[in-house]
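These notes concern the structure reproduced below.
The values are calculated or read from the model by the stated rules, or taken from the named source; none is laboratory data. Because the structure is predicted, anything quoted here is derived from the model rather than measured. Cβ sites come from the backbone with ideal geometry, for glycine too, and all protein chains shown count toward neighbours. These area figures cover heavy atoms from the full protein model, side chains too; ligands, DNA and RNA do not enter into them. Shrake-Rupley method; radii C 1.70, N 1.55, O 1.52, S 1.80 Å.
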Amino acid sequence: MSKTVYIRTFGCQMNAHDSERMMGILQEEGYFQTGNPDQADLIILNTCSVRQKAEQKFYSELGRIKSLKKRRGDLKIAVAGCIAQQEGKKIFRRAPYVDFILGPQNIQKLGDLVSGRVGPIAIEDNPAIALGDIPSRRTNRVTAWVTIMYGCNNFCSYCIVPYTRGRESSRPSKDIHSEVVDLAGRGYKEITLLGQNVNSYSSDTDFPGLLRRLERVGGIERIRFVTSHPKDLSQELVSAICELPKVCEHVHLPLQSGSNNILKSMNRGYTCDDYVKKVSLLRERSPGISITSDIITGFPGETEGDHLLTIKALKEIEFDGIFAFKFSPRPGTTSAQMQSQLAEGIKSERLSEVLDVQNEITARKNKSLEGTIQEILVEGGSGTDKEKLTGRTRTNKIVNFPKVDIEKGALVKVEITKGRQHSLEGKLQEK
Ligand code: SAM
Ligand code: SF4
(Lines give C-alpha, C1' and ligand atoms only; values in the text may rest on other atoms or scores of the structure.)
(Ligands and ions follow the chains in the order given, each with its own letter.)
Protein backbone atom coordinates (compact mmCIF):
# COMPACT_ATOMS: atom_id res chain seq x y z
CA MET A 1 0.00 0.00 0.00
CA SER A 2 1.33 3.46 -0.84
CA LYS A 3 2.40 5.80 1.95
CA THR A 4 2.38 9.59 2.03
CA VAL A 5 4.85 12.13 3.34
CA TYR A 6 4.45 15.80 4.20
CA ILE A 7 7.69 17.82 4.19
CA ARG A 8 7.84 21.32 5.70
CA THR A 9 11.03 23.18 4.78
CA PHE A 10 12.49 26.09 6.75
CA GLY A 11 15.42 28.24 5.63
CA CYS A 12 17.59 28.51 2.56
CA GLN A 13 17.77 27.05 -0.97
CA MET A 14 20.17 24.43 0.31
CA ASN A 15 17.43 23.15 2.64
CA ALA A 16 14.81 23.37 -0.10
CA HIS A 17 17.01 21.18 -2.29
CA ASP A 18 17.70 18.79 0.61
CA SER A 19 13.91 18.37 0.85
CA GLU A 20 13.80 17.49 -2.87
CA ARG A 21 16.47 14.90 -2.23
CA MET A 22 14.65 13.46 0.79
CA MET A 23 11.60 13.15 -1.44
CA GLY A 24 13.76 11.41 -4.10
CA ILE A 25 14.86 8.85 -1.51
CA LEU A 26 11.36 8.34 -0.11
CA GLN A 27 9.91 7.83 -3.57
CA GLU A 28 12.18 4.79 -3.85
CA GLU A 29 10.65 3.58 -0.56
CA GLY A 30 7.15 3.88 -2.05
CA TYR A 31 6.12 7.28 -0.62
CA PHE A 32 4.01 9.96 -2.35
CA GLN A 33 4.18 13.61 -1.33
CA THR A 34 1.14 15.36 0.15
CA GLY A 35 0.61 19.03 0.95
CA ASN A 36 -1.67 18.13 3.86
CA PRO A 37 -0.06 17.05 7.16
CA ASP A 38 -3.42 15.54 8.29
CA GLN A 39 -3.18 12.94 5.53
CA ALA A 40 0.49 12.05 5.95
CA ASP A 41 1.94 8.78 7.27
CA LEU A 42 5.26 10.55 7.74
CA ILE A 43 5.91 14.23 8.56
CA ILE A 44 9.38 15.67 8.06
CA LEU A 45 10.35 19.07 9.43
CA ASN A 46 13.49 20.15 7.59
CA THR A 47 14.84 22.79 9.94
CA CYS A 48 17.09 25.87 9.87
CA SER A 49 19.11 27.27 12.77
CA VAL A 50 20.87 30.20 11.08
CA ARG A 51 18.75 32.67 13.05
CA GLN A 52 16.67 32.27 16.20
CA LYS A 53 13.47 33.22 14.38
CA ALA A 54 13.65 30.15 12.11
CA GLU A 55 14.28 28.01 15.18
CA GLN A 56 11.22 29.43 16.97
CA LYS A 57 9.05 28.76 13.91
CA PHE A 58 10.18 25.13 13.93
CA TYR A 59 9.38 24.63 17.63
CA SER A 60 5.88 26.06 17.21
CA GLU A 61 5.27 23.76 14.21
CA LEU A 62 6.55 20.80 16.25
CA GLY A 63 4.06 21.72 18.99
CA ARG A 64 1.18 21.76 16.49
CA ILE A 65 2.15 18.35 15.14
CA LYS A 66 2.02 16.80 18.62
CA SER A 67 -1.78 16.82 18.51
CA LEU A 68 -1.73 14.94 15.17
CA LYS A 69 0.43 12.25 16.72
CA LYS A 70 -2.00 11.97 19.65
CA ARG A 71 -4.86 11.34 17.24
CA ARG A 72 -2.91 8.92 15.04
CA GLY A 73 -0.38 6.83 16.91
CA ASP A 74 1.01 5.29 13.70
CA LEU A 75 2.08 8.72 12.34
CA LYS A 76 5.88 8.99 12.12
CA ILE A 77 7.64 12.31 12.73
CA ALA A 78 11.17 13.12 11.59
CA VAL A 79 13.24 16.20 12.38
CA ALA A 80 15.89 16.89 9.73
CA GLY A 81 18.24 19.77 8.89
CA CYS A 82 20.44 22.04 10.98
CA ILE A 83 18.48 21.95 14.28
CA ALA A 84 18.49 18.14 14.11
CA GLN A 85 22.27 18.24 13.76
CA GLN A 86 22.76 20.79 16.49
CA GLU A 87 20.35 19.42 19.10
CA GLY A 88 20.58 15.69 18.33
CA LYS A 89 19.07 13.51 21.08
CA LYS A 90 17.93 16.58 23.04
CA ILE A 91 15.00 16.78 20.58
CA PHE A 92 13.77 13.37 21.79
CA ARG A 93 13.88 14.66 25.36
CA ARG A 94 12.00 17.85 24.52
CA ALA A 95 9.54 16.13 22.14
CA PRO A 96 9.36 12.38 22.85
CA TYR A 97 6.79 11.97 20.06
CA VAL A 98 9.54 12.55 17.45
CA ASP A 99 10.57 9.25 15.80
CA PHE A 100 13.72 10.11 13.78
CA ILE A 101 16.49 12.71 13.81
CA LEU A 102 18.48 13.25 10.65
CA GLY A 103 21.32 15.75 10.13
CA PRO A 104 22.03 17.38 6.76
CA GLN A 105 25.21 15.34 6.25
CA ASN A 106 23.23 12.08 6.49
CA ILE A 107 20.17 12.55 4.30
CA GLN A 108 21.13 9.49 2.24
CA LYS A 109 20.22 7.41 5.33
CA LEU A 110 16.58 8.56 5.32
CA GLY A 111 15.33 5.41 3.55
CA ASP A 112 17.04 3.14 6.09
CA LEU A 113 15.79 5.29 8.95
CA VAL A 114 12.09 5.24 8.02
CA SER A 115 12.15 1.54 7.17
CA GLY A 116 13.79 0.73 10.52
CA ARG A 117 17.01 -0.66 8.98
CA VAL A 118 19.00 1.88 11.05
CA GLY A 119 18.14 4.52 13.54
CA PRO A 120 16.52 6.38 15.01
CA ILE A 121 19.21 9.09 14.82
CA ALA A 122 21.77 9.90 12.10
CA ILE A 123 23.93 12.95 12.80
CA GLU A 124 27.53 11.70 12.35
CA ASP A 125 30.08 13.89 10.55
CA ASN A 126 30.03 12.62 7.00
CA PRO A 127 32.23 14.43 4.45
CA ALA A 128 31.84 11.36 2.19
CA ILE A 129 28.33 12.62 1.38
CA ALA A 130 29.99 14.46 -1.54
CA LEU A 131 31.04 11.17 -3.11
CA GLY A 132 27.64 9.50 -3.36
CA ASP A 133 24.68 10.23 -5.62
CA ILE A 134 21.38 11.05 -3.96
CA PRO A 135 18.20 11.02 -6.10
CA SER A 136 16.05 14.17 -6.19
CA ARG A 137 12.35 14.66 -6.79
CA ARG A 138 12.10 18.17 -8.17
CA THR A 139 8.77 19.91 -8.47
CA ASN A 140 9.94 22.69 -10.79
CA ARG A 141 10.32 21.46 -14.40
CA VAL A 142 12.36 24.36 -15.80
CA THR A 143 14.98 25.33 -13.25
CA ALA A 144 16.90 22.93 -11.01
CA TRP A 145 19.21 23.21 -8.01
CA VAL A 146 22.38 21.15 -8.17
CA THR A 147 24.58 20.76 -5.09
CA ILE A 148 28.26 21.07 -5.94
CA MET A 149 29.71 21.14 -2.43
CA TYR A 150 28.80 20.54 1.17
CA GLY A 151 29.77 22.26 4.42
CA CYS A 152 31.92 25.30 5.08
CA ASN A 153 35.40 25.95 6.47
CA ASN A 154 35.11 29.68 6.95
CA PHE A 155 33.85 29.97 10.51
CA CYS A 156 32.49 33.49 10.23
CA SER A 157 32.19 34.32 13.92
CA TYR A 158 28.37 34.65 13.85
CA CYS A 159 27.54 31.59 11.78
CA ILE A 160 26.31 28.16 12.83
CA VAL A 161 26.63 26.53 9.39
CA PRO A 162 30.18 25.08 9.83
CA TYR A 163 28.91 23.36 13.01
CA THR A 164 25.74 21.93 11.46
CA ARG A 165 26.87 21.16 7.92
CA GLY A 166 30.44 20.15 8.72
CA ARG A 167 33.69 20.73 6.82
CA GLU A 168 33.79 21.66 3.17
CA SER A 169 33.73 18.78 0.68
CA SER A 170 33.21 19.08 -3.06
CA ARG A 171 31.46 16.64 -5.38
CA PRO A 172 33.60 15.24 -8.21
CA SER A 173 32.99 17.32 -11.34
CA LYS A 174 32.06 14.23 -13.38
CA ASP A 175 29.15 13.50 -11.00
CA ILE A 176 27.92 17.10 -11.25
CA HIS A 177 28.32 16.99 -15.03
CA SER A 178 26.29 13.73 -15.29
CA GLU A 179 23.53 15.20 -13.15
CA VAL A 180 23.36 18.31 -15.34
CA VAL A 181 23.38 16.23 -18.58
CA ASP A 182 20.51 14.18 -17.14
CA LEU A 183 18.59 17.36 -16.24
CA ALA A 184 19.12 18.75 -19.75
CA GLY A 185 17.80 15.45 -21.18
CA ARG A 186 14.66 15.87 -19.08
CA GLY A 187 14.05 19.35 -20.43
CA TYR A 188 15.51 21.58 -17.69
CA LYS A 189 16.79 24.89 -19.03
CA GLU A 190 18.42 26.50 -16.02
CA ILE A 191 20.58 25.16 -13.22
CA THR A 192 21.63 26.85 -9.98
CA LEU A 193 24.82 25.43 -8.49
CA LEU A 194 24.58 25.31 -4.70
CA GLY A 195 27.23 25.55 -2.01
CA GLN A 196 27.92 27.71 1.07
CA ASN A 197 30.96 29.10 -0.71
CA VAL A 198 30.94 27.95 -4.34
CA ASN A 199 34.08 29.98 -5.09
CA SER A 200 36.15 27.56 -3.05
CA TYR A 201 34.81 24.50 -4.92
CA SER A 202 37.76 22.18 -5.35
CA SER A 203 37.81 18.62 -6.69
CA ASP A 204 39.49 17.55 -9.95
CA THR A 205 38.95 21.15 -11.11
CA ASP A 206 38.19 24.52 -9.47
CA PHE A 207 34.98 26.54 -9.73
CA PRO A 208 35.87 28.41 -12.95
CA GLY A 209 36.85 25.00 -14.45
CA LEU A 210 33.50 23.52 -13.38
CA LEU A 211 31.61 26.43 -14.97
CA ARG A 212 33.54 25.94 -18.22
CA ARG A 213 32.70 22.21 -18.22
CA LEU A 214 28.99 22.79 -17.56
CA GLU A 215 28.82 25.54 -20.20
CA ARG A 216 29.20 22.80 -22.82
CA VAL A 217 26.11 20.83 -21.74
CA GLY A 218 23.63 21.13 -24.64
CA GLY A 219 20.04 22.04 -23.71
CA ILE A 220 20.99 24.00 -20.58
CA GLU A 221 20.52 27.69 -21.41
CA ARG A 222 21.39 29.35 -18.11
CA ILE A 223 23.80 28.66 -15.26
CA ARG A 224 23.50 30.37 -11.88
CA PHE A 225 25.27 29.81 -8.57
CA VAL A 226 24.95 30.71 -4.86
CA THR A 227 26.69 31.71 -2.64
CA SER A 228 29.96 33.42 -3.47
CA HIS A 229 32.33 34.51 -0.73
CA PRO A 230 33.99 37.86 -1.54
CA LYS A 231 37.43 36.74 -0.32
CA ASP A 232 37.46 33.89 -2.87
CA LEU A 233 36.17 35.81 -5.89
CA SER A 234 39.26 35.43 -8.09
CA GLN A 235 40.20 37.08 -11.40
CA GLU A 236 39.73 33.67 -13.09
CA LEU A 237 36.23 33.41 -11.71
CA VAL A 238 35.36 36.94 -12.83
CA SER A 239 36.62 35.98 -16.31
CA ALA A 240 34.55 32.80 -16.37
CA ILE A 241 31.42 34.69 -15.26
CA CYS A 242 31.94 37.39 -17.86
CA GLU A 243 33.06 35.20 -20.77
CA LEU A 244 30.75 32.20 -20.59
CA PRO A 245 27.51 32.97 -22.42
CA LYS A 246 25.32 30.65 -20.30
CA VAL A 247 26.57 31.97 -16.96
CA CYS A 248 24.01 34.60 -15.95
CA GLU A 249 24.96 38.18 -15.10
CA HIS A 250 24.14 37.97 -11.41
CA VAL A 251 26.38 37.45 -8.39
CA HIS A 252 25.08 37.18 -4.84
CA LEU A 253 28.05 38.46 -2.87
CA PRO A 254 27.34 38.92 0.85
CA LEU A 255 29.07 42.03 2.22
CA GLN A 256 27.63 41.71 5.79
CA SER A 257 28.97 45.11 6.98
CA GLY A 258 30.56 48.28 5.60
CA SER A 259 32.86 48.63 8.62
CA ASN A 260 36.33 47.06 8.52
CA ASN A 261 36.33 46.66 12.31
CA ILE A 262 33.12 44.68 12.18
CA LEU A 263 34.25 42.64 9.15
CA LYS A 264 37.37 41.72 11.12
CA SER A 265 35.35 40.76 14.16
CA MET A 266 33.11 38.68 11.86
CA ASN A 267 36.22 36.89 10.55
CA ARG A 268 35.21 37.61 6.95
CA GLY A 269 38.73 37.90 5.53
CA TYR A 270 38.28 41.10 3.44
CA THR A 271 37.92 44.83 3.93
CA CYS A 272 35.14 46.98 2.53
CA ASP A 273 37.67 48.41 0.10
CA ASP A 274 38.66 44.92 -1.17
CA TYR A 275 34.97 44.24 -1.66
CA VAL A 276 34.31 47.47 -3.59
CA LYS A 277 37.26 46.70 -5.90
CA LYS A 278 35.82 43.27 -6.73
CA VAL A 279 32.41 44.78 -7.49
CA SER A 280 34.07 47.40 -9.74
CA LEU A 281 35.91 44.65 -11.60
CA LEU A 282 32.69 42.68 -12.14
CA ARG A 283 30.89 45.80 -13.38
CA GLU A 284 33.78 46.80 -15.64
CA ARG A 285 33.95 43.36 -17.23
CA SER A 286 30.17 42.85 -17.38
CA PRO A 287 28.26 46.14 -17.54
CA GLY A 288 24.70 45.69 -16.28
CA ILE A 289 25.62 42.72 -14.07
CA SER A 290 23.35 42.49 -11.05
CA ILE A 291 24.93 42.32 -7.62
CA THR A 292 22.96 41.36 -4.54
CA SER A 293 24.12 41.01 -0.97
CA ASP A 294 23.44 40.09 2.66
CA ILE A 295 23.79 42.56 5.54
CA ILE A 296 23.74 41.91 9.28
CA THR A 297 22.73 44.80 11.55
CA GLY A 298 23.62 45.18 15.22
CA PHE A 299 26.59 42.81 15.32
CA PRO A 300 28.20 42.84 18.82
CA GLY A 301 30.26 46.00 19.28
CA GLU A 302 28.79 47.73 16.21
CA THR A 303 28.91 51.46 16.94
CA GLU A 304 26.72 54.11 15.33
CA GLY A 305 29.83 54.96 13.25
CA ASP A 306 30.13 51.34 12.02
CA HIS A 307 26.44 51.33 11.13
CA LEU A 308 26.86 54.58 9.16
CA LEU A 309 29.73 52.95 7.25
CA THR A 310 27.30 50.20 6.19
CA ILE A 311 24.79 52.83 5.06
CA LYS A 312 27.58 54.60 3.16
CA ALA A 313 28.64 51.34 1.50
CA LEU A 314 25.04 50.63 0.42
CA LYS A 315 24.77 54.10 -1.13
CA GLU A 316 28.13 53.78 -2.90
CA ILE A 317 27.82 50.21 -4.15
CA GLU A 318 24.13 50.41 -5.11
CA PHE A 319 23.18 46.76 -4.90
CA ASP A 320 20.32 45.46 -7.00
CA GLY A 321 18.85 43.99 -3.83
CA ILE A 322 19.82 42.78 -0.38
CA PHE A 323 18.70 40.42 2.34
CA ALA A 324 19.21 42.14 5.68
CA PHE A 325 19.02 40.50 9.09
CA LYS A 326 19.32 41.53 12.72
CA PHE A 327 22.27 39.82 14.34
CA SER A 328 21.05 36.67 16.07
CA PRO A 329 23.41 35.09 18.63
CA ARG A 330 23.78 31.39 17.76
CA PRO A 331 24.80 28.98 20.51
CA GLY A 332 28.38 27.80 20.22
CA THR A 333 29.52 30.56 17.84
CA THR A 334 32.25 33.04 18.84
CA SER A 335 30.14 36.14 18.42
CA ALA A 336 27.36 34.81 20.68
CA GLN A 337 29.91 34.99 23.51
CA MET A 338 31.13 38.51 22.69
CA GLN A 339 30.66 40.98 25.57
CA SER A 340 29.23 43.91 23.67
CA GLN A 341 25.84 42.50 22.58
CA LEU A 342 23.44 45.23 21.42
CA ALA A 343 19.84 45.75 22.49
CA GLU A 344 17.13 44.35 20.18
CA GLY A 345 15.75 47.89 19.73
CA ILE A 346 19.05 49.15 18.26
CA LYS A 347 19.36 46.13 15.96
CA SER A 348 15.79 46.69 14.70
CA GLU A 349 16.27 50.43 14.22
CA ARG A 350 19.44 49.85 12.20
CA LEU A 351 17.74 47.12 10.19
CA SER A 352 14.95 49.44 9.13
CA GLU A 353 17.44 52.19 8.24
CA VAL A 354 19.39 49.74 6.08
CA LEU A 355 16.19 48.51 4.39
CA ASP A 356 14.93 52.06 3.77
CA VAL A 357 18.16 53.05 2.04
CA GLN A 358 18.25 49.88 -0.04
CA ASN A 359 14.55 49.95 -0.99
CA GLU A 360 15.01 53.33 -2.57
CA ILE A 361 18.03 52.08 -4.56
CA THR A 362 16.27 48.89 -5.67
CA ALA A 363 13.17 50.80 -6.78
CA ARG A 364 15.31 53.29 -8.73
CA LYS A 365 17.30 50.49 -10.41
CA ASN A 366 14.14 48.61 -11.35
CA LYS A 367 12.59 51.80 -12.74
CA SER A 368 15.67 52.42 -14.88
CA LEU A 369 14.90 49.15 -16.70
CA GLU A 370 11.60 50.51 -18.05
CA GLY A 371 11.69 50.51 -21.85
CA THR A 372 14.51 47.94 -22.07
CA ILE A 373 14.13 44.54 -23.74
CA GLN A 374 15.04 41.59 -21.50
CA GLU A 375 15.46 37.88 -22.15
CA ILE A 376 13.07 35.99 -19.86
CA LEU A 377 13.01 32.28 -19.10
CA VAL A 378 9.30 31.48 -18.66
CA GLU A 379 8.81 29.59 -15.39
CA GLY A 380 4.98 29.33 -15.44
CA GLY A 381 1.88 31.20 -14.29
CA SER A 382 2.27 34.09 -11.87
CA GLY A 383 1.40 33.14 -8.27
CA THR A 384 -0.48 36.40 -7.72
CA ASP A 385 -2.27 37.00 -11.05
CA LYS A 386 -3.90 34.20 -13.07
CA GLU A 387 -3.77 36.31 -16.22
CA LYS A 388 0.01 36.58 -16.16
CA LEU A 389 3.10 34.48 -16.81
CA THR A 390 6.24 34.86 -14.79
CA GLY A 391 9.95 34.41 -15.40
CA ARG A 392 13.32 35.92 -14.62
CA THR A 393 15.79 38.10 -16.43
CA ARG A 394 19.37 36.84 -16.71
CA THR A 395 20.08 39.28 -13.87
CA ASN A 396 17.59 37.34 -11.68
CA LYS A 397 14.79 39.91 -11.61
CA ILE A 398 11.23 38.59 -11.60
CA VAL A 399 9.15 39.74 -14.59
CA ASN A 400 5.38 39.27 -14.91
CA PHE A 401 3.70 39.73 -18.29
CA PRO A 402 0.23 39.05 -19.81
CA LYS A 403 -0.43 35.38 -20.54
CA VAL A 404 0.12 34.14 -24.09
CA ASP A 405 0.26 30.66 -25.50
CA ILE A 406 3.86 29.72 -24.72
CA GLU A 407 5.34 26.77 -22.93
CA LYS A 408 7.16 26.84 -19.61
CA GLY A 409 10.87 26.80 -20.33
CA ALA A 410 10.63 29.10 -23.40
CA LEU A 411 13.15 31.92 -23.70
CA VAL A 412 11.33 35.07 -24.80
CA LYS A 413 12.03 38.76 -25.23
CA VAL A 414 9.96 41.05 -23.03
CA GLU A 415 9.82 44.84 -22.99
CA ILE A 416 9.82 46.14 -19.42
CA THR A 417 6.86 48.47 -18.94
CA LYS A 418 7.04 49.02 -15.16
CA GLY A 419 9.78 48.65 -12.57
CA ARG A 420 8.34 47.87 -9.12
CA GLN A 421 10.03 47.31 -5.76
CA HIS A 422 10.15 43.52 -5.93
CA SER A 423 9.39 42.72 -9.56
CA LEU A 424 9.05 44.09 -13.07
CA GLU A 425 6.03 44.21 -15.40
CA GLY A 426 6.48 43.65 -19.11
CA LYS A 427 4.94 42.83 -22.47
CA LEU A 428 6.03 40.11 -24.83
CA GLN A 429 8.11 41.22 -27.82
CA GLU A 430 8.68 38.06 -29.81
CA LYS A 431 8.76 34.30 -29.25
N1 SAM B 1 27.46 30.94 2.93
C2 SAM B 1 26.85 32.13 2.67
C3 SAM B 1 27.85 33.28 2.82
O4 SAM B 1 28.90 33.15 3.28
O5 SAM B 1 27.48 34.35 2.47
C6 SAM B 1 25.64 32.43 3.49
C7 SAM B 1 25.08 31.46 4.41
S8 SAM B 1 24.01 32.06 5.64
C9 SAM B 1 22.95 30.71 5.71
C10 SAM B 1 23.04 33.31 4.85
C11 SAM B 1 23.11 34.63 5.50
O12 SAM B 1 22.55 34.58 6.79
C13 SAM B 1 24.51 35.17 5.75
O14 SAM B 1 25.07 35.76 4.61
C15 SAM B 1 24.28 36.17 6.85
O16 SAM B 1 24.00 37.45 6.37
C17 SAM B 1 23.07 35.62 7.57
N18 SAM B 1 23.41 35.09 8.89
C19 SAM B 1 24.16 34.01 9.18
N20 SAM B 1 24.29 33.88 10.53
C21 SAM B 1 23.59 34.90 11.09
C22 SAM B 1 23.35 35.31 12.42
N23 SAM B 1 23.87 34.66 13.45
N24 SAM B 1 22.58 36.41 12.62
C25 SAM B 1 22.05 37.09 11.59
N26 SAM B 1 22.26 36.75 10.30
C27 SAM B 1 23.02 35.68 10.05
FE1 SF4 C 1 28.46 30.83 7.38
FE2 SF4 C 1 30.57 32.29 6.66
FE3 SF4 C 1 30.40 29.73 5.92
FE4 SF4 C 1 28.77 31.54 4.83
S5 SF4 C 1 30.99 31.49 4.63
S6 SF4 C 1 28.20 29.53 5.61
S7 SF4 C 1 28.39 32.93 6.52
S8 SF4 C 1 30.61 30.47 7.98
State whether the range 4-146 is rounded, prolate or oblate according to the following rule on the C-alpha gyration tensor (a ≥ b ≥ c being the square roots of its eigenvalues): a/c under 1.5 gives rounded; otherwise a/b larger than b/c gives prolate, and the remaining case gives oblate. rounded
Using only the Cα atoms of the range 85-207, what semi-axes does the equivalent ellipsoid have when each is the square root of 5 times a gyration tensor eigenvalue? Give whole Å, largest first. 28, 20, 13
Exposure rule at most 12 other beta-carbon atoms within 10 Å, DSSP loop GluC sites (Glu not before Pro): the chain longest free segment: 125-386
Between the DSSP loop rule and a limit of at most 11 other Cβ atoms within 10 Å, which trypsin sites (Lys or Arg not before Pro) in the range 135-210 are left? 186
For the chain, evaluate the Debye formula with one uniform point scatterer on each Cα (no solvent term) and list log10 I(q)/I(0) at q = 0.08, 0.12, 0.14 Å⁻¹, rounded to two decimals. -0.48, -1.13, -1.48
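How about the range 350-407: which trypsin sites (Lys or Arg not before Pro) there are in a DSSP loop, with at most 12 other Cβ atoms within 10 Å of their Cβ? Before the final figure, lay out the partial values.
Details: sites: 350, 364, 365, 367, 386, 388, 392, 394, 397, 403; in loops: 386, 394, 397, 403.
Passing sites in the range 350-407 are 386.
Determine how many Å³ per residue the convex hull of the Cα atoms of the range 212-274 encloses.
On the way: hull volume 5.4 nm³, N = 63.
About 85 Å³ per residue, rounded to a whole number.
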With 5 Å bins from 0: P(r) over the range 177-255, alpha-carbon pairs, percent: 3, 16, 28, 27, 17, 7, 2, 0
Antiparallel as a % of all DSSP beta bridges within the chain, to the nearest 5? 35 percent
Just to confirm my understanding: which cysteines in the chain have no other cysteine beta carbon less than 4.7 Å from their beta carbon? 12, 48, 82, 152, 242, 248, 272
Positive-end residue, the chain charge dipole about Cα centroid, Cβ charges, pick of 86, 337, 176: 86
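So what's the back-of-envelope 222 nm ellipticity for the chain, counting only DSSP H runs of four-plus at -39500 (n - 2.57) apiece and dividing by all residues, rounded to 500? Intermediate results must be reported in sequence, preceding the final value.
Working: 13 runs with 146 residues, N = 431.
Taken over the chain, the calculation gives -10500 deg cm²/dmol.
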If the reach is capped at under 16 angstrom between alpha carbons, list the lysines near residue 408, excluding any in the same chain fewer than eight residues apart. 189, 386, 388, 431
Let's see if you can work this out: charge +1 on each Lys and Arg Cβ, -1 on each Asp and Glu Cβ, no other charges. What is the dipole magnitude of the chain about its Cα centre, in debye to the nearest 20? 960 debye
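Antiparallel DSSP bridges in the range 97-235: what percent, to the nearest 5? The partial results should precede the final answer.
Numbers: 3 of 15 bridges.
So the antiparallel bridges in the range 97-235 amount to around 20 percent.
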Classify the range 155-292 as rounded, prolate or oblate from the Cα gyration tensor: take a ≥ b ≥ c as the square roots of its eigenvalues, call it rounded if a/c is under 1.5, otherwise prolate when a/b beats b/c and oblate if not. oblate
Positive dipole terminus of the chain, leading residue within 400, 254, 152 (C-beta point charges): 400
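Please give me, ordered by residue number, the trypsin sites (Lys or Arg not before Pro) of the range 18-101 that lie in loop per DSSP and have at most 14 other Cβ atoms within 10 Å. Please report the intermediate quantities before stating the final value.
Values: sites: 21, 51, 53, 57, 64, 66, 69, 70, 71, 72, 76, 89, 90, 93, 94; in loops: 51, 72, 89.
The qualifying sites are 72, 89.
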Tell me, what % of the accessible area of the range 79-234 is carbon and sulfur with a 1.4 angstrom probe? 50 percent
Using label points projected 7 Å from each Cα along Cα→Cβ, tell me how many nm separate residue 112 and residue 411, to one decimal. 4.3 nm
Out of all DSSP beta bridges in the range 186-311, what portion is antiparallel? Express it as a percent rounded to 5. 10 percent
